[in-house]
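S.K.: This is the structure I have questions about; it appears just below.
The values are calculated or read from the model by the stated rules, or taken from the named source; none is laboratory data. Since the structure is predicted, the reported quantities are computational estimates derived from the model, not experimental observations. Here Cβ is always computed from backbone atoms with ideal geometry, including for glycine, and neighbour counts include all displayed protein chains. All accessible areas refer to the heavy atoms of the entire protein, side chains included, with ligands and DNA or RNA removed. Shrake-Rupley method; radii C 1.70, N 1.55, O 1.52, S 1.80 Å.
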Amino acid sequence: MNSLAEKLNEVIQNQNPFIYAMLSELGRKLYYPKGILSQSAEARQKAYRFNATIGIATEEDAPMHFQHIQSHFLDYAPEDIYPYAPPAGKQRLREVWKEKLLKDNPSLRNQSFGLPIVTSALTHGLSIAADLFADPQDCVLVPDKYWGNYQSIFQVRRGALLVTYKLFNENGRFHTSAFREVLLKQKTAGKAIVLLNFPNNPTGYTPHLNEVEEIISALCEAAQEGMNLVVILDDAYFGLFYEDSVKESLFGRLAGLHPRILPVKVDGATKENYVWGLRVGFITYASTSPAILDALEQKTKGIIRGTISSSVHLSQTIILKSLESEEFDLEKHQKFKLMERRASKVKEVLRQEKYEKCWSYYPFNSGYFMCLKLKHINAEELRIHLLDQYGVGVVAINSTDLRIAFSCVEEQDIEELFNLIYKGVKDLTESAVM
């Protein structure tokens, strides 16, 4: 093992041996090399005569570039577009995102957490967490309704096992007793990775305050009984809370809660700020030890350096300028209200009595999505029928559940959408009778 990795491991083990035990085999091997990038960083500070370190080209004291490309970016300086961004991301962007976290999450105030590290959107952030903490056969606790890409990230790539619990109880609330039961069943392993995704994809559900208290209580109980818990907050749809639910990430409530609980927040501008293709996300760790936060950052930079090297500089520049813009808060509120009206319209349409024989729907109060629970028709058969006969695209989650992304349907078209789904159900029901 590299001596730099050994030093980082020693720091973590001395500060909190439980967090050291959470690291995967790969996580323990990771470090940020003192190579070209670190030497270039030193050169930027001290090489006042010539800086011949990093592998870009310059011309007249600016990054070399094609003018026909630069003509599309007249508001951006070449140095904010063409050079490599640091592996952890633009420093000012990281600082502004941390300020945003503190503003949006009152529970984070007075808590110790690291500077967010820029990722190439949320999938990359989740993949980093998987590399750092997931070994083959490790338990990754997820609800029975989860984003399918978790399988690729944790199970296929890292060999961990996705273990599920029922998301909803009989009253249509977060099934905290099922969560607690399945979590405590992993006690013999001594470790679990808990993935909490609110607003939930695919159902669009965010827990209420009392449910959050029960989730936190279950995590504390497991930690007190000797389990080491990596709690990953997948906050992809953060901020889109339309009704009575918690309005902040559980990251703040979990920070500093117990030495056996390591909160990891994965979020980003992609869905929050409607810039999916710019691919800017963040991963943030919480710990009472600054030394552990630094060690985890070094290991994370090691992963980034060894995979994508760094995230796209131009995208980071655009997001930073957006966050610092005077128009940001107003426009974000406008888009929130638009999404809120769509969610409200979906609930209004679903109250029609004619739908009751065809489906029920899972609770939703946030996010981009909602899910129908079909009563008599196979979801995949209906999905294909809707595509072929009505030109309607929806997602079949399993044999009974159909995910509807109201985020991409205009408010005035929502009733027509559900009427076409209703027609599709009737078509298949009648053909089955015949």
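S.K.: For the list (1) assigned to a strand (DSSP E or B); (2) among the hydroxyl-bearing types (Ser, Thr, Tyr); (3) under 24 Å from Glu95 (Cα atoms), I need the number of the one condition that Ser325 fails.
M.R.: Looking at each condition in turn, Ser325 falls short on (1).
S.K.: Okay, moving on. Is it the case, given these coordinates, that Leu402 is in contact (Cβ under 8 Å) with a residue 24 or more places away in the chain and in contact with a Phe, Trp or Tyr (Cβ under 6 Å, 6 or more places away or on another chain)?
M.R.: No, not satisfied.
S.K.: Could you list, in sequence order, the residues of region 148-187 that are touching a residue at least 24 places away in the same chain (Cβ under 8 Å), open to solvent by 70 Å² or more (accessible area, probe 1.4 Å) and within 18 Å of the chain's Cα centre (by Cα)?
M.R.: The answer is Arg157, and nothing else.
S.K.: Criterion first (at negative phi, open to solvent by 100 Å² or more (accessible area, probe 1.4 Å) and either touching a residue at least 40 places away in the same chain (Cβ under 8 Å) or aromatic (Phe, Trp, Tyr) (or both)) does Phe18 satisfy it?
M.R.: no
S.K.: Looking at (1) surrounded by 22 or more Cβ atoms within 10 Å (Cβ to Cβ); (2) under 13 Å from the mean Cα position of the chain (by Cα), which is the only condition Gly239 fails?
M.R.: The one condition Gly239 does not meet is (1).
S.K.: Can you tell me how many residues in region 21-63 are at pLDDT 90 or above and surrounded by fewer than 15 Cβ atoms within 10 Å (Cβ to Cβ)?
M.R.: Residues that pass the stated criteria total 2.
S.K.: Whether any residue in region 363-385 is out of contact with any Asp or Glu (no Cβ under 9 Å at 6 or more places or on another chain), open to solvent by less than 10 Å² (accessible area, probe 1.4 Å) and at positive phi is what I want to check.
M.R.: Yes: region 363-385 contains one or more residues that are out of contact with any Asp or Glu (no Cβ under 9 Å at 6 or more places or on another chain), open to solvent by less than 10 Å² (accessible area, probe 1.4 Å) and at positive phi.
S.K.: Going through region 308-322 one residue at a time, which ones are outside any helix (DSSP H, G or I) and either without any contact (Cβ under 8 Å) to a residue 60 or more places away in the chain or more than 9 Å from Leu278 (Cβ to Cβ) (or both)?
M.R.: Ile308, Ser309, Ser310, Ser311
S.K.: Something else about it: Based on what the data block shows, is Gly367 small (Gly, Ala, Ser), modelled with pLDDT of 95 or more and more than 26 Å from Arg173 (Cβ to Cβ)?
M.R.: No; evaluated as a whole, the condition is false for this residue.
S.K.: How many of the residues in region 64-89 are touching a strand residue (DSSP E or B) at 6+ places or on another chain (Cβ under 8 Å), open to solvent by 30 Å² or more (accessible area, probe 1.4 Å) and under 17 Å from Leu323 (Cα atoms)?
M.R.: The number of residues fulfilling the criteria is 0.
S.K.: For Lys335, indicate whether it is open to solvent by 20 Å² or more (accessible area, probe 1.4 Å) and within 22 Å of the chain's Cα centre (by Cα).
M.R.: yes
S.K.: Could I ask something else about it? Which condition does Met1 not pass, out of (1) open to solvent by 100 Å² or more (accessible area, probe 1.4 Å); (2) of a type outside the set (Lys, Arg); (3) closer than 14 Å to Lys299 by Cβ; (4) assigned to a helix (DSSP H, G or I), if it passes all the others?
M.R.: Condition (4) is where Met1 drops out.
S.K.: Being out of contact with any helix residue (DSSP H, G or I) (no Cβ under 8 Å at 6 or more places or on another chain), open to solvent by 40 Å² or more (accessible area, probe 1.4 Å) and hydroxyl-bearing (Ser, Thr, Tyr) narrows it down to one residue among Ser322, Ser344, Ser309; which is it?
M.R.: One residue alone meets the criteria, Ser344.
S.K.: On the basis of being in contact with a Gly (Cβ under 7 Å, 6 or more places away or on another chain) and open to solvent by 70 Å² or more (accessible area, probe 1.4 Å), does Leu330 make the cut?
M.R.: Against the criterion (in contact with a Gly (Cβ under 7 Å, 6 or more places away or on another chain) and open to solvent by 70 Å² or more (accessible area, probe 1.4 Å)), Leu330 does not qualify.
S.K.: Quick one: which strands (runs of 3 or more DSSP E) sit completely within region 108-190 and have at least 3 residues that are among the aliphatic types (A, V, I, L, M)?
M.R.: Strands (runs of 3 or more DSSP E) meeting the threshold: 139-143, 161-165.
S.K.: Separate question: So, Ile12, is that one under 30 Å from Arg157 (Cβ atoms) and either loosely packed, with under 12 Cβ neighbours inside 10 Å or of a type outside the set (Ser, Thr, Tyr) (or both) or not?
M.R.: Against the criterion (under 30 Å from Arg157 (Cβ atoms) and either loosely packed, with under 12 Cβ neighbours inside 10 Å or of a type outside the set (Ser, Thr, Tyr) (or both)), Ile12 qualifies.
S.K.: If you don't mind, there's one more thing I want to ask. Would region 85-107 turn up any residue that is touching an Asp or Glu at 6+ places or on another chain (Cβ under 7 Å), under 30 Å from His258 (Cβ atoms), among the hydroxyl-bearing types (Ser, Thr, Tyr) and not in a loop (DSSP other than H, G, I, E, B)?
M.R.: Looking through region 85-107, at least one residue is touching an Asp or Glu at 6+ places or on another chain (Cβ under 7 Å), under 30 Å from His258 (Cβ atoms), among the hydroxyl-bearing types (Ser, Thr, Tyr) and not in a loop (DSSP other than H, G, I, E, B).
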